[in-house]
Structures are given as structure tokens and as C-alpha cells.
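**Student:** This structure is in C-alpha cells; I'll ask about it shortly.
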Amino acid sequence: MRTASPKASEITRAWHIIDAKDVVLGRLATHAAALLRGKHKPTFAPHMDTGDFVIVINAGEIALTGSKNADKMAFRHSGYPGGLTATTYADMMATHPTRAVEKAIRGMLPKNSLGRSQITKLKVYAGAEHPHAAQNPTPYSINQVSQIS
Amino acid sequence: MARVKRGVHAAKKRRTTLERASGYTGQRSRLFSRAKEQVTHSMVYAFNDRKDKKGQFRRLWITRINAAARANNMTYNRFMQGLKVAGIDVDRRVLADMAINDPAAFTALVEVARKNVVLS
């Protein structure tokens, strides 16, 4: 018996919509990253993109625990000497409300061409509106799988 | 006794190495000495990775079983424990195949495992 390997034509991609309002950033990102990679499907294959599309709404109202809103820094580097820019999450959320969610999820995807193509299936919106109604996204609720029966 | 000349075997050895190096990049497929280094390494990698392949497949099966178990609201960890307690001796390769090709049977196994889970 050979271990099944899905064909590109056999992969079906669903659309999930996650409401980020008052959800802790990392908890949202782990679920979104797993959906984008397809790790929730029995047909998961590490060498190809078996994942679904994920829409995150209300990304501007994500929750950060502790004092991270004021203390946690987001770093960018322009590539030039001295080109490091450090921004607190509070500042970043004010100017780019979707960036915290995008950054957290991107960091949880593989750092290769597969990961870069998987991130394109992520659609993040600061508010409650999104233009993907035609894709019939199903609401995704962040539940922990029960350790007890 | 017949005389043995060295050139035939030397050329044969080089030809074999270069054939094994065909498709390699740059000098590694063209120059004997570069090809020899790469072929030696490649064979080591191939040998090691044939062993590694077993573990990689096991990891893939576990990922797939976990995905299917979570769809039935159970984690991989508890599922395997339940199967063990129930005395169901199905290996991960078969479980992963069932998860894809026979979801109903997989769900039945999850239910059996759920009844047998021991919570410490």
C-alpha cells in the first residue's frame, strides 16, 4: 500500500472567515496558519499547498495580553546600514491595523516558496466588511479540541 | 600470461563515476575529480535518506491521523492511547490511509478509542 499523495487537481479549497475581535493574536494565528497550510485535512502533504482560504475580519480589534500593546516592538529593516525601524504594536495598529495579524500568521508559515504562496490565500481586513461574499465563507470558531471525551 | 593494460579499467572507472554524476551542476557533471567528490557525498546522502524516509513517512501519517482525529473532536495523542488500551493493533500507515479513503471506518475507530481513553 502506497501512502496517498494528492494530485493538484484533487485539492478542494474552502473559504473560512474568522472574527478577530478580542481574540488573542497568537491563538488566532495558529489556527489561521494551520488552515492555510491544510494541516486540518487528512490529505495534508508537506510538499504542496493543500490549504484553504482564510478571511480575517476585525483585525484592528485583535487582543494582545499583558503590556505587549505598549512594549512589544515590530521590526523592519530597509537593507541599508542603520535602516532598522522599530515600532510599538500600539503605533503599528494605529497606522496599519491589519499588519499585526498578517505578520503573526506569516511567521507561522514555512519560510520558502510554498509559504509565500500560502500567505496569498490570507485576506485580512481591519473592519467587519470584506469583498469575498461570493466565495461563501463559512464562519470558523476557535475551539480547543477536548482532551477529555 | 596475457598482459593487462591499466588504461581500460582506469577509463571505465572514470566513465562510471561521470555517468553517476550526470545531471549534476557545472564541473560536478564534467570533471572527474569534482564528480568523484560529489558522487561519494551523494551516495552517503542517499544511504542516510533511505533510513530517514521511514521516519518522514511516519511523521506524515501522524499529521494526517491528527487532522482526521481532530475533525472527530479528539487529539492524536488521546486517539492513539484509546486504541492501545482497546487492544486495536492498527499501524499508523493504515490509519492514515483510512482517514483519507474510509472516513466512516476511521470515525468508528475514534468512537472506540473515546470509550477506552484513560485519563490520569
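Where a number appears in this text, it was derived from the coordinates with a stated rule and is not lab data. The shown structure was predicted, so the numbers you read here are calculated from the model rather than taken from an experiment. Note that we place each Cβ from the backbone using ideal geometry, even for glycine, and neighbour counts take in every protein chain shown.
**Student:** For the range A:1-34, which positions are of a type in the set (S, T, Y) and over 21 Å from B:I62 (Cα atoms)?
**Tutor:** A:S9, A:T12
**Student:** Cβ-Cβ distance below 8 Å, separation of 6 or more or different chains: which pairs start in the range B:52-67 with a residue that is within 7 Å of chain A (Cβ to nearest Cβ) and within 21 Å of B:P103 (Cβ to Cβ) and end on one that is among the aromatic types (F, W, Y) and surrounded by 20 or more Cβ atoms within 10 Å (Cβ to Cβ)?
**Tutor:** Every condition considered, the pairs that remain are B:L60/A:F44; B:T63/A:F44; B:R64/A:F44; B:A67/A:F44.
**Student:** Moving on to the next point. Any residue at all in the range A:80-102 that's touching a residue at least 60 places away in the same chain (Cβ under 8 Å), of a type in the set (V, I, T), buried (at least 16 other Cβ atoms within 10 Å of the Cβ) and closer than 30 Å to A:A4 by Cα?
**Tutor:** no
**Student:** Just need a number here: residues in the range A:1-60 that are assigned to a helix (DSSP H, G or I) and within 12 Å of chain B (Cβ to nearest Cβ).
**Tutor:** Going through the range A:1-60 one residue at a time, the tally reaches 5.
**Student:** Further question on the same structure: If you check A:A126 against the conditions, is it touching a Gly at 6+ places or on another chain (Cβ under 7 Å) and away from chain B (no Cβ under 14 Å)?
**Tutor:** yes
**Student:** Can A:A59 be described as crowded, with 17+ Cβ neighbours inside 10 Å, among the small types (G, A, S) and either touching a Ser or Thr at 6+ places or on another chain (Cβ under 7 Å) or within 30 Å of A:S9 (Cβ to Cβ) (or both)?
**Tutor:** yes
**Student:** A further question follows. Can you find a residue that is surrounded by fewer than 16 Cβ atoms within 10 Å (Cβ to Cβ) and within 10 Å of the chain's Cα centre (by Cα) anywhere in the range A:7-25?
**Tutor:** Checking the range A:7-25: not a single residue is surrounded by fewer than 16 Cβ atoms within 10 Å (Cβ to Cβ) and within 10 Å of the chain's Cα centre (by Cα).
**Student:** Can you find even one residue in the range A:97-115 that is small (G, A, S), within 12 Å of the chain's Cα centre (by Cα) and part of a loop (DSSP other than H, G, I, E, B)?
**Tutor:** Looking for residues that are small (G, A, S), within 12 Å of the chain's Cα centre (by Cα) and part of a loop (DSSP other than H, G, I, E, B), one finds at least one in the range A:97-115, hence yes.
**Student:** Taking B:N73 and the conditions (1) within 13 Å of chain A (Cβ to nearest Cβ); (2) more than 26 Å from the chain's Cα centre (by Cα); (3) assigned to a helix (DSSP H, G or I), which numbered condition does it fall short on, given that it satisfies the others?
**Tutor:** (3)
**Student:** If you scan the range B:91-116, which residues turn out to be under 18 Å from B:A71 (Cβ atoms) and part of a loop (DSSP other than H, G, I, E, B)?
**Tutor:** B:D102
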